[in-house]
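Novice: First, the structure itself, so that you have it in front of you.
The values are calculated or read from the model by the stated rules, or taken from the named source; none is laboratory data. These numbers were taken from a predicted model, which means no experiment stands behind them. A quick note on method: Cβ atoms are made from the backbone with ideal geometry, for glycine too, and the neighbour counts reach across all protein chains shown. Calculation scope for accessible area: heavy atoms of the full protein, side chains included, ligands and nucleic acids excluded. Shrake-Rupley method; radii C 1.70, N 1.55, O 1.52, S 1.80 Å.
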Amino acid sequence: MPVKDPGSQELVVKVLASGICHSDLHAMNGVIPYASIPITPGHEGAGIVEAVGANIQDLKVGDHVILRFVMSCGACAPCVQGTDNLCRKLKFLGFEVDGTFAEYVSVPSRHAIHLPDSIPFEQGAIIGCAVVTPIHAMNIARVRPGSSVAIFGLGGVGIHAVQTGKIFGAAEIFAVDISDSKLSLAKLFGANYAINGSKEDTVAEIKRLTDGVGVDFAFEFIGLPTTQLQAISSVKRGGTVTLVGIPNQSLNIDLKYLLTNEIQLRTSFDHTRAEVDDVIRLVESGRLDLSKSISHRFPLSKVNEGIDVLRKNIGDPIRVVVTP
Ligand code: PAD
Ligand code: ZN
């Protein structure tokens, strides 16, 4: 691909790390309707500013940046109201605009967020999706200090929900996956209970561990009807369920059960600009440790091998990152 000169409001960024997300697999499989083809995928990228347009003042050549895939306009009502993930002119880097599985990316400068030099590029890359998504989900759910929280799915996104739960002050975290190694990592990150859904009855186990009551909050980071229903069944009366994993199938919900138990069902989509700034501060201050989040690294020329690792679950990937 040719490298364009930046327009007056644009930057050219040399990509130094780019995470592979399950949403990339969804785009390839046609699950995400707005993914356009042909496209250079990649939406979790970080790198160094290589060239700046004439009107750019806040960033300069050599600055480290996170490339934000939620390309909001900044001017419509949802943007001005701080919900720019719901922007009326939203475009997605790596799905509709050529993304970060590339040597260089050019974007309007408002989609590049300054990354402090103390945070490695590979951590900066995953902040842009895998790490900030659970922050948004817990803001949506309004997790309160002292709560009990169940996390379904400990992949690149869900594993960070365990740490996020701690930051939101959860007293007890129940981590659910079908991979023992991911469950062990979740315990290392502060989960109190690790439940293997392929070996145990997840809902019964959560109920048993909460004296039959259920948890205050449940989050689903997989996108499967089975685990979405388990999440709904694992919260207490009056509890809140937040669905984050992108589904490929519709869900048959017993609304009478939800209503008569006053269970709140919410959904969480992407994140806001302000939440990325929050995550950067959390990582910079050492409150959020991303040193164990990257399990596999591949050079850009082998990006397809990296994608296979996630697709076939080779070696229990947390986040697979592509580097130049
Ligand atoms: P991933 O493939 O890294 O993780 C999925 C995890 O689910 C793995 O650890 C699996 O072992 C586990 N799993 C699979 N089946 C089961 C099961 N039956 N019971 C328990 N655990 C199971 O994916 P990811 O973390 O990159 O993404 C997770 C989902 O979140 C995916 O659907 C992705 O598209 C979505 C997503 N949503 C948003 C959003 O804003 N809503 C943002 C980013 C990603
Ligand atoms: Zn993603």
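Novice: Here is a list of conditions, (1) open to solvent by 20 Å² or more (accessible area, probe 1.4 Å); (2) within 27 Å of Ile167 (Cα to Cα); (3) in a loop (DSSP other than H, G, I, E, B), and Ala75 meets all of them except one; can you say which number that is?
Specialist: (2)
Novice: Select, from Val52, Val3, the only residue that is out of contact with any helix residue (DSSP H, G or I) (no Cβ under 9 Å at 6 or more places or on another chain), aliphatic (A, V, I, L, M) and open to solvent by 40 Å² or more (accessible area, probe 1.4 Å).
Specialist: Val3
Novice: From the residues in the range 6-34 that are away from ligand 1 (no atom under 16 Å from the Cβ) and out of contact with any helix residue (DSSP H, G or I) (no Cβ under 9 Å at 6 or more places or on another chain), which one is modelled with the lowest pLDDT?
Specialist: Gly7
Novice: Right, here's the next one. Restricting to the range 113-126, count the residues that are more than 12 Å from Ser291 (Cα to Cα) and crowded, with 24+ Cβ neighbours inside 10 Å.
Specialist: Summing the residues that are more than 12 Å from Ser291 (Cα to Cα) and crowded, with 24+ Cβ neighbours inside 10 Å in the range 113-126 gives 2.
Novice: Further, regarding this structure: Could you look through the range 287-322, keep only residues that are among the acidic types (Asp, Glu) and closer than 23 Å to Gln163 by Cβ, and pick out the one that is surrounded by the fewest Cβ atoms within 10 Å (Cβ to Cβ)?
Specialist: Asp289
Novice: Is it the case that some residue within the range 187-196 is of a type in the set (Lys, Arg), in contact (Cβ under 8 Å) with a residue 60 or more places away in the chain and within 30 Å of Ile280 (Cα to Cα)?
Specialist: No - not one qualifying residue is present in the range 187-196.
Novice: Now for a different question. I'd like the residue in the range 85-130 that is in a strand (DSSP E or B) and not β-branched (Val, Ile, Thr) and, out of all such residues, is nearest to ligand 1 (Cβ to nearest atom).
Specialist: Phe92
Novice: While we're here: Which one is farthest from ligand 1 (Cβ to nearest atom) among residues in the range 42-55 that are part of a loop (DSSP other than H, G, I, E, B) and touching an Asp or Glu at 6+ places or on another chain (Cβ under 8 Å)?
Specialist: Gly53
Novice: Mind listing whichever residues of the range 185-216 are under 16 Å from Ala231 (Cβ atoms) and acidic (Asp, Glu)?
Specialist: Once the filter is applied, which keeps residues that are under 16 Å from Ala231 (Cβ atoms) and acidic (Asp, Glu), the range 185-216 yields Glu200, Asp201, Glu205, Asp216.
Novice: Also, quick follow-up: For His64, state whether it is open to solvent by 10 Å² or more (accessible area, probe 1.4 Å), under 17 Å from Ala130 (Cβ atoms) and in contact (Cβ under 8 Å) with a residue 12 or more places away in the chain.
Specialist: So His64 does not fit the description; no.
Novice: Kindly indicate whether Ile39 is under 22 Å from Pro299 (Cβ atoms), at pLDDT below 95 and outside any helix (DSSP H, G or I).
Specialist: Judged against the criteria, Ile39 is a match.
Novice: Please go through the range 141-175 and give me each residue that is in contact with a strand residue (DSSP E or B) (Cβ under 8 Å, 6 or more places away or on another chain), in a helix (DSSP H, G or I) and more than 10 Å from ligand 1 (Cβ to nearest atom), ordered by number.
Specialist: Ala141, Val162, Gly165, Lys166
Novice: Across the range 6-32, which residue is farthest from Ile318 (Cα to Cα) among those that are in a loop (DSSP other than H, G, I, E, B) and open to solvent by less than 40 Å² (accessible area, probe 1.4 Å)?
Specialist: My answer is Gly7.
Novice: Moving to a separate point now. Is it the case that the range 45-56 has a residue that's among the aliphatic types (A, V, I, L, M) and closer than 16 Å to Thr272 by Cβ?
Specialist: Within the range 45-56, none of the residues are among the aliphatic types (A, V, I, L, M) and closer than 16 Å to Thr272 by Cβ.
Novice: Now a separate question. Which residue is surrounded by the most Cβ atoms within 10 Å (Cβ to Cβ), if the candidates are limited to the range 176-208 and must be assigned to a strand (DSSP E or B) and within 10 Å of ligand 1 (Cβ to nearest atom)?
Specialist: Looking at residues that are assigned to a strand (DSSP E or B) and within 10 Å of ligand 1 (Cβ to nearest atom), I get Val176.
Novice: Count, please, the residues in the range 137-160 that happen to be open to solvent by 10 Å² or more (accessible area, probe 1.4 Å) and within 15 Å of ligand 2 (Cβ to nearest atom).
Specialist: Of the residues in that region, 2 qualify.
Novice: Pull up the range 125-140, narrow it to residues that are among the small types (Gly, Ala, Ser) and in contact with a helix residue (DSSP H, G or I) (Cβ under 8 Å, 6 or more places away or on another chain), then point me to the one that is nearest to Glu10 (Cα to Cα).
Specialist: Among residues in the range 125-140 that are among the small types (Gly, Ala, Ser) and in contact with a helix residue (DSSP H, G or I) (Cβ under 8 Å, 6 or more places away or on another chain), the one nearest to Glu10 (Cα to Cα) is Gly128.
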